[in-house]
Amino acid sequence: MSAQAPPVQEELVGGPPVRGSLARRLVGRPELGAVVGAVAVFVFFSVVADAFLQWSSFSTVLYASSTIGIMAVPVALLMIGGEFDLSTGVLVTSSALISSMFSYQMTANVWVGVGVSLLATLAIGFFNGYLLVRTNLPSFIITLGTFLILQGCNLGFTKLISDTVSTKSISDMEGFPSAHKVFASHLTIGDVEIQITVVWWLALVALATWILLRTRAGNWIFAVGGAKEAARAVGVPVARTKIGLYLGVALAAWISGQHLLFNYDVVQSGEGVGNELLYIIAAVIGGCLLTGGYGSAVGAAVGAFIFGMTNKGIVYAQWGADWFKFFLGAMLLLATLLNWWVRKRAEESK
């Protein structure tokens, strides 16, 4: 790891790679609990739902996982950095609404709307991060305010511009086919159709893992989440790191928002409320601590995969949808307890 990383980072199990025996390295990984949980969920639904093991079902599970996973990965990095973002769910919808309404109202190529949406979404992410570092207010309060502002703007501006709660169709506009190919197409591998969101998801996981484990920025993320003042004392750019994390969340929200738009053509302005909790739950199931300084992008991806398996497994088992929240809550508690035990054992083995 970088020689400029603050000493506190060496105490973080979720930071630099843990050296020693294979067993010790496995126990020292924050995603261990999520992997164990994923195996258990897979085996459970394989037994109770015959359709769960079909290739078409696996494709559906991957798609459901990717729609959560695209956002869960940057949310996990933000939590490792010691912060939260409660505006992520509605920010995805805001990104889609901006693209759609700008393109429709300006009768422009949809790629113009996509570009404007990217700039606007990044500006919102920058606002969250900048306000956080300038005021030192809790990120919970700041992003709760952003959540309410965006929720009101999504509904208010959509009604004002479209006279309804949904956007107008842009499927016949120039640039739509190419944008659909980038954000909402699918790949055929053998007899299995894989949605393009799965590719986006895996690419983000790879990028985030590389940043966390192979770059100085990854050192900074673990440091500001584990001990912010100690990190600042040794020269870590705390403000720049936290703003960068919020920009990463905004970028992922833009990707998810464009998929929402180009997959369904129209956007309901009330969508996204409550999804921010799903992203946080996936990150926590994947090993992130609410206190910061610990976690991994791979763990968040596995947490999203557990979400996808549970969401679709209940359908294939022909159970009521009400059971989904029960399973989600049970997995959250079990994963948290298992992650706590794993981290405790890892610290004791040092």
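The values are calculated or read from the model by the stated rules, or taken from the named source; none is laboratory data. Remember, predicted model here, so these are calculated numbers, not experimental data. Virtual Cβ from ideal backbone geometry, glycine too; neighbours counted across all protein chains shown. Calculation scope for accessible area: heavy atoms of the full protein, side chains included, ligands and nucleic acids excluded. Shrake-Rupley method; radii C 1.70, N 1.55, O 1.52, S 1.80 Å.
Condition check ((1) open to solvent by 50 Å² or more (accessible area, probe 1.4 Å); (2) out of contact with any Asp or Glu (no Cβ under 8 Å at 6 or more places or on another chain); (3) at negative phi) across all residues:
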| position | (1), (2), (3) |
| --- | --- |
| VAL35 | yes, yes, yes |
| VAL73 | no, yes, yes |
| GLY82 | no, yes, no |
| LEU86 | no, no, yes |
| SER99 | no, yes, yes |
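LEU261 falls short on exactly one of the conditions (1) of a type outside the set (S, T, N, Q); (2) touching a strand residue (DSSP E or B) at 6+ places or on another chain (Cβ under 9 Å); (3) closer than 17 Å to THR88 by Cα, and that condition is (2).
Checked against the criterion of being under 16 Å from PHE183 (Cβ atoms), under 22 Å from the mean Cα position of the chain (by Cα) and among the small types (Gly, Ala, Ser), the range 110-133 has at least one qualifying residue.
The condition of being modelled with pLDDT of 95 or more, of a type outside the set (Phe, Trp, Tyr) and open to solvent by less than 40 Å² (accessible area, probe 1.4 Å) holds for only one of ALA231, ALA203, ALA252, ALA223, that being ALA252.
Checked against (1) farther than 24 Å from TYR63 by Cβ; (2) open to solvent by less than 60 Å² (accessible area, probe 1.4 Å), LEU155 passes all but condition (2). The residue of the range 234-249 that is surrounded by the most Cβ atoms within 10 Å (Cβ to Cβ), among those that are among the small types (Gly, Ala, Ser) and either touching a helix residue (DSSP H, G or I) at 6+ places or on another chain (Cβ under 6 Å) or more than 18 Å from ASN136 (Cα to Cα) (or both), is GLY248.
Restricting the range 155-175 to residues that are without any contact (Cβ under 8 Å) to a residue 24 or more places away in the chain and part of a helix (DSSP H, G or I) leaves a set whose member that is nearest to the chain's Cα centre (by Cα) is GLY156.
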